Each structure stands twice: as structure tokens, then as C-alpha cells.
Amino acid sequence: MKEWTVTDLAKLSGVSVRTLHHYDDIGLLSPARVGENRYRYYGEAELLRLQQILLYRELGMPLKTISSILDDPRFDSLAALMAQRGQLAAEAKRYRQLIRTIDRTIAHLKGERAMQHEDLYKGFVAPEKQAEYEAWLKDRFGDSIREEITSSDSTERGISDQDMKERMKALARIEADLVEAMENGTVPEARSLDPLIERHHAWVAQMWGRDCSHDAYAGLADIYESHGDFRQRYETLSPGFSKWLPIAMRAWARRLKKD
């Protein structure tokens, strides 16, 4: 049976030796055996498990969650691969849309072709992901948030295409101002950000069709921080914005709860 040392596996997978050691230390990926020379040796089963780890990491899951999934006796690697393929296929479709958006923007900036402003944001948030985010909020906050989400669903169904375009333009202006504040060195906990964060909170409430509670807004910050989709989107606006914005949102929500 073929075996790979930790160095071999690092070269094969592109994962650093240090990371593989860390995975072993936390029980996420243990070697098949440890030799008398104290070398770690991995077999095909470990290689397949590492593939699953990397796939789930690409989908934005934390290591602790991945470990729970893979160690579940009911885990079916084939079913998991099929589900992951479906998710990645949907992502690939979204990325193709993003590439088209970028190409149109490049052509627009070069003066080769005019571009509608609303087309600047096509592909950044996959529609099929919206239900996932809302389900996350419902699971986290229970019945306290269900009515707000339901109201939001009804509100969105009543929004015209033109109104939605205007709202997306408003969001772009809000985000541009927040990015400017970050790039000017404003720390995310600063009270001076309150007017900007209040604009962002108001935009969320408008999309929901009713007030957005402080806890729900902090929950949105958790989504922005933990989901790869949002992290990637915010990093396209400015490097570091995906970490800065959630901190600013939670800091604002905490301040208002105390006040």
C-alpha cells in the first residue's frame, strides 16, 4: 500500500507541512501511522479526507465544523462530494457572471461600451444564497427574527425592478463611504462611524420592510464575516473591508443597546 510522508503530502496537495501538523494536533487529519522514526505516514484514506477538508474550507466552513461533519458516523463521502459538486457548479455559474460584469466594466472604463450602473453588481450575491443566509438568521435568533424575515420576503416581492436598481445604487454609495472611512484609517469601533453605519442599517431595514433589531443586525455581521461569498465580495471593494465592516456593525449595535 502506497504511503506519503507529511512532506510528500504537502507537495502533492499544496498544503504546508505546518498546516498538516496543525490538522494532526487538533485531530482533524491524523496520519495512518507514525513510524519509529517519528515520521507521519498517510494513506489514500487520509488523502481523501484532506480533499474533503479543503473542499469544505473552500465553501467557507470553520475547521471545528468540518471536523464534526467528517467524524459523524453518518457521513457519506460520495453523497458529500455530489452535494459539493452542486454547490461549486452554482458558484462557477456565479463567477462566470462576475467575469462578464468585470469585462463590461473594463470596456466601460475604456470608453468602448456604455454600461448600466445596476450591471456593476451582477453576480456579487447569488440569489440561491439568500435563502441560506435567512435560514442561518432564523436558526440563530429563532422566532424573534422569523417575522422580520417573512416581512422582508413579502416586501422584496413587491419591489419593482427600477426600485431595486435604485436601492442597489444607494447601497453602493453607502459601501463606498464606508470603504473610504476604513482607508482613511478610521478604526471600526469609532463612534464617528455612527452616521455611516446608521445609513447601512437603514438600508437593511428598508430591504426587510420593517425595523432591523440590533441583534439581527449583529447577526448579519456574523454572516458577512463567516460566509465566503460575502468575504469575497467585500474584499473586492477594498482589502480588509470584509473584516472591518462586521466589526463596525457589531460595535454600533452594542453601543445602541447600551444607550
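The values are calculated or read from the model by the stated rules, or taken from the named source; none is laboratory data. Nothing here was measured: the structure is a model prediction, and the numbers come from that model. All Cβ positions, glycine included, derive from the backbone under ideal geometry; neighbour counts span all protein chains shown.
Here are some notes:
- Scanning region 1-19 for residues being among the charged types (D, E, K, R) and without any contact (Cβ under 8 Å) to a residue 40 or more places away in the chain gives a total of 3.
- Residue within region 32-42 that is surrounded by 13 or more Cβ atoms within 10 Å (Cβ to Cβ), at pLDDT below 90 and closer than 24 Å to K11 by Cβ present: no
- Filter result for the condition that a residue is at pLDDT 90 or above, basic (K, R) and outside any loop (DSSP other than H, G, I, E, B), over R57, R49: R49
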